[in-house]
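Only one structure is covered here, and it is reproduced in the block below.
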Amino acid sequence: MQWATSSQFLTRAAVHGNMNPTRRSTWADPEFAARASEWHGFPEVAMELVNNLGNVLVTPAVNYIEVARRWTRALRDAYQGDEPLDHCLAAAASDIDRLVIRT
Amino acid sequence: MAEVRFLGCDNDVFCGHVQARATEFEQASGHKLTVRLLDNDFYYANKLTGYLGGESPADVYMSGPVLVWEQLGLGFVRPLDEFAGRSSFDLSDFFDRLIAGHRWSGHFGDGLGHGPLLGIPVNWESYNLAYLPETLAQAGVDVPRTWPEFFAAAKAIPAHVPGVRGFGQRGAEAWHTVYTGFATQLWSCGGRDFDPGGSCAIASAAAVDAARTLSDAIRVAGPADWTSQGWYELAMDFAHGKYGLLVDSDHYVAYFENPGLSDVAGKVRYALPPAGPGGVRRPNMWMWSMVMNARSAARTRRGSSCSGRPAPSSSPARPCTGI
């Protein structure tokens, strides 16, 4: 794990397309920085996201995958016209309140 | 020679890089590295018990927020604090938010940022606005700064630019469909998944309004095959100029700017995602991370301990974390 998360390994991986780099040293690497500078606005936006704006927004739960799947199904059902959107979401919310593990 | 088993998925740059450099690890550590890559869609469904448990479990595996929470509940996560605290790990080199996003107590209602370290991030994504200026110009619209502007601009594109849809959006039957662009829109517009009391809030007025705005816009300007759009299809369609706007994973830049994969390399511009009322921007975030399996047998297999085992004389010295 230490080998595959080292600065050396991750910087080489980033140059080969492993985005976005998690180490500050990779963003400072001359080869990577030169490449990223050609992507119009990307590095500046990425730094704002990783330093100031981005967060894992969803509420951690050990079975959040089930929560998200039920939520997704409601959006898809509504889109496909099975039922009105607010009904689909209300039914999903009721299901999620029952299924989410609150431990 | 001990064996270290790595589990990941195909169609992934990081996992491919691990596989390609396995010999380097073996020469440096004196251990055999076995890399097993599963189908990408299967992997993200997170049904990995057969690979993380049993007689020959993976020692380290790929995961990330949402996925690792489930694996923690199943007993497949070994906290990494004892390893990551070593100076050789240089944890301070990682962006603070990425490390904080991997700390969790395991209890519903507890936020991230506190508790044991569940993984080490190897890449991350947040959700920026990628757009094609030429397409926006043809449609006669400016770069959208707010979500109402975003959907208005998106709707103008198919009306003025033949063969191009307004915006890309995931719609496949997968958990991450709600995670990327939609969550960024929803939270920025005042919605959320659970209220502070722990009750599901996806049917709140703000959440219904955000979902209705999105659903209506998809019909007019989104993917014609929205319900089959996964992340890869979405990225490739944008890379082939099929949309003018996209709020989704910013790591797609690796595809968009690769002339071998993209028709729009050099033509894409990147901006912050649109803001909600009052200028609020709340982009979601995700990380792809290495996790140590609590069921790993590596520490008990013969010769697997790094301590006291010299590296082969022909290999460079490399500190080992014990896996």
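Derivation of every value follows stated rules applied to the coordinates shown; laboratory data play no part. Only a predicted model underlies this, so the values are computations on that prediction, with no experimental measurement involved. Cβ: placed from backbone, ideal geometry, glycine included. Neighbour counts: every protein chain shown.
Backbone geometry of region B:222-236 corresponds, through the Karplus equation with coefficients 6.51, -1.76 and 1.60 at θ = phi - 60°, to 3J(HN,Hα) couplings of x, x, 5, 10, 3, 6, 10, 7, x, 5, 6, 4, 4, 4, 5 Hz, x marking Gly and Pro.
Summary value for chain B: 27 percent relative contact order, contacts being C-alpha pairs under 8 angstrom separated by 6+ residues. A straight Cα-to-Cα reach below 28 Å connects B:LYS32 with the lysines B:LYS47, residues fewer than 8 places away in its own chain not being considered.
The longest stretch of chain B left intact once loop-based GluC sites (Glu not before Pro) with at most 14 other Cβ atoms within 10 Å are removed from consideration, loops following DSSP, is B:174-323. Couplings for region B:161-171, taken from phi via the Karplus curve 6.51 cos²θ - 1.76 cosθ + 1.60 with θ = phi - 60°, read 10, x, x, 10, 8, x, 8, x, 7, 5, x Hz in order; Gly and Pro are left as x. Computed from the Kirkwood radius of its Cα pairs, the Stokes-Einstein diffusion coefficient for chain A at 20 °C and 1.002 mPa s stands at 125 µm²/s. Relative contact order, percent, of chain A when contacts are C-alpha pairs under 8 Å separated by at least 6 residues? Computed value for chain A: 17 percent relative contact order. With neighbour counts taken as other beta-carbon atoms within 10 Å, the residues B:LEU7, B:LEU117, A:LEU99 rank, fewest first, as A:LEU99, B:LEU117, B:LEU7. Spin-label pair B:ASP225-A:ASP97: with each label point 7 Å from Cα along the Cα-Cβ axis, the two points sit 3.9 nm from one another.
A Cβ-based charge dipole, computed about the Cα centre of region A:7-53 with Lys and Arg at +1 and Asp and Glu at -1, lands at about 200 debye.
Of the peptides A:13-25, B:266-278, the order by per-residue mean of other Cβ atoms within 10 Å, starting with the highest, comes out as A:13-25, B:266-278. Among the trypsin sites (Lys or Arg not before Pro) within region B:16-98, those in coil by DSSP and having at most 15 neighbouring Cβ atoms inside 10 Å are B:LYS47, B:ARG86. Within the same chain, lysines fewer than 8 places from B:LYS267 are excluded, and of the rest, those with a Cα less than 18 Å from its Cα are B:LYS242.
The residue list A:ASN51, A:ALA34, A:ALA14 was ranked by how far each Cα lies along the charge dipole of region A:7-53 toward its positive end, using unit charges on Cβ atoms, and A:ALA14 comes out on top.
Note on A:ALA34 and B:MET1: the model spin-label points, each 7 Å out from Cα along the C-beta direction, lie 3.7 nm apart. For region B:9-163, relative contact order (Cα pairs under 8 Å, six or more residues apart, normalised by length) works out to 13 percent.
Counting only other chain Cβ atoms within 10 Å of each residue's Cβ, the peptide B:266-275 averages 4. Rg and Dmax, both from the Cα atoms of region B:126-285 and both in Å, are 15.0, 50. Taking Lys and Arg as +1 and Asp and Glu as -1, the other residues whose beta-carbon sits under 11 Å from that of A:GLU66 total +2.
Normalised by 2.2 N^0.38 Å, where N counts its residues, the alpha-carbon radius of gyration of region B:203-305 equals 1.56.
Explain nothing, just the number: dipole magnitude of region B:126-285 about its Cα centre with +1 on each Lys and Arg Cβ and -1 on each Asp and Glu Cβ, in debye rounded to the nearest 20.
Computed about the Cα centre, the dipole is about 260 debye.
Exposure proxy ranking for B:PHE238, B:PHE151, based on other Cβ atoms within 10 angstrom of each Cβ and starting from the fewest, stands as B:PHE151, B:PHE238. Our estimate of slack between B:ALA137 and B:THR23, defined as 0.36 nm per intervening residue step minus the Cα-Cα distance, is 36.0 nm. The calculated pair-distance distribution of region A:7-53 uses every alpha carbon pair, bins of 10 angstrom beginning at 0, and gives 27, 60, 13 percent.
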